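Undergrad: Next up is a structure, given as structure tokens.
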Amino acid sequence: MTPPPVDRIPVSLLTGFLGAGKTTLLNALMQNPAMAGTALLINEFGEVGVDHHMVDRIDDSTVLLDSGCLCCSVQGDLVNALKTLHQRSSRREIPPVSRVVIETTGLADPVPVVYTLMEERFIAARYVCDSVLTVVDATHGDAQLDSHAEAVRQVTLADRLLITKADLAGSSQLARLNARLAELNPGAPRIEVRHGQVEPARLFGGGVYAPGDKLPDVAAWLGEERARDAEARLAPPTLSWTRRSSPHAPAHAPRHDGSVSSFVVRLEAPVPWFGLALALGRILQQYGPRLLRVKGLVNVAGESRPRVVQCVQSVAYPPVSLPAWPAEGAFEDRRGRLVFITRDLPPDAAEAIRAALAQLPGDAAAIRATAANPLLPTRCWFSERVALTAPDSLQLEGWVVQPRRFARKTANV
């Protein structure tokens, strides 16, 4: 890959709407030897982080930004994480960092992240914004661009557009999406990605991110961000601080509309897998258009490994299993949790979802019930062979540290 033209660490922003396949792409990407020396910053929307458990690592240096949506706390969490990363690398507490990849939550507006990388004095002196990579779901991308301003900004700011799940979309659907992407960002190459596989050379090495190559909207958005930042710096300081507060995030300037929210359903006891598949399938059928993302780890009765559940609107994706429960963090108690990220979901619907997941049918009853519902979104879960993925990891607060494995050699004396 071509080195950047300046002596700073290149930073690439990996963005894309909820469920587009960012984690799958990142997981495959980080297994490539060309990504050695890459530090990861992973951000998630919701009370409980799930996606970072799915990322395989070949090196150290993974940071979990767990204080909400990155674009809402960018001046606090992102700046502090990059400062800490630079300091730890300078002290040789971690291997030298040659590149940083930031995976944002699917609801993140990339504008404040790009602005911070270009304008924050400490960061701009040590890092350079190298590229913006936007993952677009071929099956849901067109509708998401119609409904969410964040999706439009993610596409418009991109250097490269990575189209996933093209094999699941019809030819006319894919043609409409490509026409829409060409209209929003005519200069960005569109790369179809299958099963997360893409060569790093096609994604990195562009040098310095150039907003001038994009539509005029990009320059206007960065100007708005500069004005927002100046206003925040002039605002009087608050007297109360919490772990999640940020000195440059005024309460009067929300970045997301109030229709998007999230809640967590705790599964206190091990669950019958087919019973959960039936209940969640019915939930997807009833509320699918309002469920932007459903994800979590569940404790399946009779199994020692946690099972990963992921859904987008009315689509349930094949489950996978992790080798072991996380040693620390939200899942250290080995209780299942499902995170629901919703749009325009009434409070009574959220309570109905909680109630349905609190009273799961047994496996035998669930299997009989599926015979009368051949279009159940989770029907494939009843015959799916669950794959094993991701190495074990040790989690610390704010950091996910994964051990480097060395081959032990012994000599015969």
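Undergrad: Do we have residue 158 as open to solvent by less than 40 Å² (accessible area, probe 1.4 Å), among the small types (Gly, Ala, Ser) and over 17 Å from the mean Cα position of the chain (by Cα) here?
TA: Criteria not met by residue 158.
Undergrad: Which number in (1) closer than 27 Å to residue 290 by Cα; (2) of a type in the set (S, T, N, Q); (3) over 19 Å from the mean Cα position of the chain (by Cα) marks the one condition that residue 164 misses?
TA: If we test residue 164 against (1) closer than 27 Å to residue 290 by Cα; (2) of a type in the set (S, T, N, Q); (3) over 19 Å from the mean Cα position of the chain (by Cα), just (3) comes out false.
Undergrad: Now a separate question. So which strands (runs of 3 or more DSSP E) stay within the range 24-104 end to end and still have 2 or more residues that are open to solvent by less than 10 Å² (accessible area, probe 1.4 Å) and at pLDDT 80 or above?
TA: Strands (runs of 3 or more DSSP E) meeting the threshold: 38-43, 99-103.
Undergrad: For the range 186-197, how many residues are farther than 19 Å from residue 21 by Cα and open to solvent by 70 Å² or more (accessible area, probe 1.4 Å)?
TA: Adding up the residues that qualify gives 1.
Undergrad: Provide a single number: the residues in the range 94-123 that are small (Gly, Ala, Ser) and farther than 17 Å from residue 79 by Cβ.
TA: Here the count works out to 2.
Undergrad: Any idea which of 130, 142 is touching a residue at least 12 places away in the same chain (Cβ under 8 Å) and either closer than 22 Å to residue 204 by Cα or assigned to a strand (DSSP E or B) (or both)?
TA: 130
Undergrad: Still on this structure: How many of the residues in the range 161-185 are in contact (Cβ under 8 Å) with a residue 24 or more places away in the chain and either surrounded by 22 or more Cβ atoms within 10 Å (Cβ to Cβ) or within 21 Å of residue 217 (Cα to Cα) (or both)?
TA: Result for the range 161-185: 10.
Undergrad: For the range 375-411, name all the residues that are in a loop (DSSP other than H, G, I, E, B), out of contact with any strand residue (DSSP E or B) (no Cβ under 8 Å at 6 or more places or on another chain) and modelled with pLDDT of 85 or more.
TA: 375, 376, listed by residue number.
Undergrad: Among the residues in the range 273-289, are any open to solvent by less than 10 Å² (accessible area, probe 1.4 Å), at pLDDT below 90 and either part of a loop (DSSP other than H, G, I, E, B) or not charged (D, E, K, R) (or both)?
TA: yes
Residues checked against (1) touching a Leu at 6+ places or on another chain (Cβ under 7 Å); (2) open to solvent by less than 20 Å² (accessible area, probe 1.4 Å); (3) not in a loop (DSSP other than H, G, I, E, B):
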| residue | (1), (2), (3) |
| --- | --- |
| 323 | yes, no, no |
| 326 | no, yes, no |
| 331 | yes, yes, no |
| 334 | no, no, no |
| 342 | yes, yes, yes |
| 349 | no, yes, yes |
| 352 | no, no, yes |
| 373 | no, no, no |
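The values are calculated or read from the model by the stated rules, or taken from the named source; none is laboratory data. If you're wondering where the values come from, they're calculated on a predicted model, not measured in any experiment. Here Cβ is always computed from backbone atoms with ideal geometry, including for glycine, and neighbour counts include all displayed protein chains. When the accessible area is computed, the model is the full protein with side chains, heavy atoms only, and any ligands, DNA or RNA have been set aside. Shrake-Rupley method; radii C 1.70, N 1.55, O 1.52, S 1.80 Å.
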